[in-house]
Structure formats: structure tokens, C-alpha cells
1. Can you work out the Karplus-derived ³J(HN,Hα) for every residue in the stretch 45-52? Use 6.51 cos²θ - 1.76 cosθ + 1.60 with θ = phi - 60°, whole Hz, and x for glycine or proline.
2. Quick one: plug the Kirkwood hydrodynamic radius of the chain (C-alpha pairs) into Stokes-Einstein at 20 °C, 1.002 mPa s, and report D in µm²/s.
3. Determine the relative contact order of the stretch 1-68: mean sequence separation of Cα pairs under 8 Å and six or more apart, normalised by residue count, in whole percent.
4. GNM on the chain, C-alpha springs below 10 Å: top fluctuator among A45, A60, A24?
5. Please identify, among Y38, Y84, Y59, the residue showing maximal mean-square fluctuation in a Gaussian network model of the chain using a 10 angstrom Cα cutoff.
Amino acid sequence: MAMLHTVNKSPSERNSLDSCLSHAKTGSSVLLFEDGIYAVVKGSAASGRLQKSSGISIYALGPDLKARGIGENQIIDGVTVVDYGGFVDLVTRHDNVQSWL
């Protein structure tokens, strides 16, 4: 059963991303939005943890990157940037959605 995990909290303020990654199984997807997108910035403390998450697809919401002044050239390799329509597509493609607060 494919699960979509969503994280909207900054990895420097909460441990939501760490909890998410410790429960995400191979074949799962993680969508980062709002302040959660700071995890995909190259050189951030959380980016290394994301890069070590093999078998998990990582997505970031493009409008939230743009709102925070983060260009796609500033994010780690392997992250797929999606728009709001892509967010909806992710939700409909997965059997379950788990929000990490």
C-alpha cells in the first residue's frame, strides 16, 4: 500500500521530518510544503537525511519554494518539484496520506 507522507514544519523547529522518515517505507512518497521545504535546500542539516532515504520519492511544492525565495537550482538532486495540481495528483495516486505535524 503506497502512502504519501506530508511535512509542513521546518526541520530546524520540529522533528516532524525525522519522524516521517523513520516510518516511511520503500515505495512511499514524502511531500514537503510550507516551511517543510527548507529540508530540500542544499547544505541544510536535513538535506543529508533526505538524500539517504533510498526507495522513497521526495517532492517539494514549487509555490512554497518560490514564496521563500528558493530557486530550483538551490535544492538537492532527486527532489521533484510539483505545483498545486501535482499535489492533488500525489494525493489521488496514493492509498493513504499521513500528515506529520
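1. In residue order, the calculated couplings are 4, 7, 4, x, 5, 5, 5, 8 Hz.
2. Working: Rh = 13.2 Å.
For the chosen part, D equals 163 µm²/s.
3. Numbers: 103 pairs, mean separation 23.4, N = 68.
Across the stretch 1-68, relative contact order equals 34 percent.
4. A45
5. Among Y38, Y84, Y59, the largest GNM mean-square fluctuation belongs to Y84.
Every read-out reported here was derived from the displayed coordinates using simple, explicitly stated rules and does not represent laboratory data. This structure is a prediction, so every number in the text was calculated from the model and none was measured.
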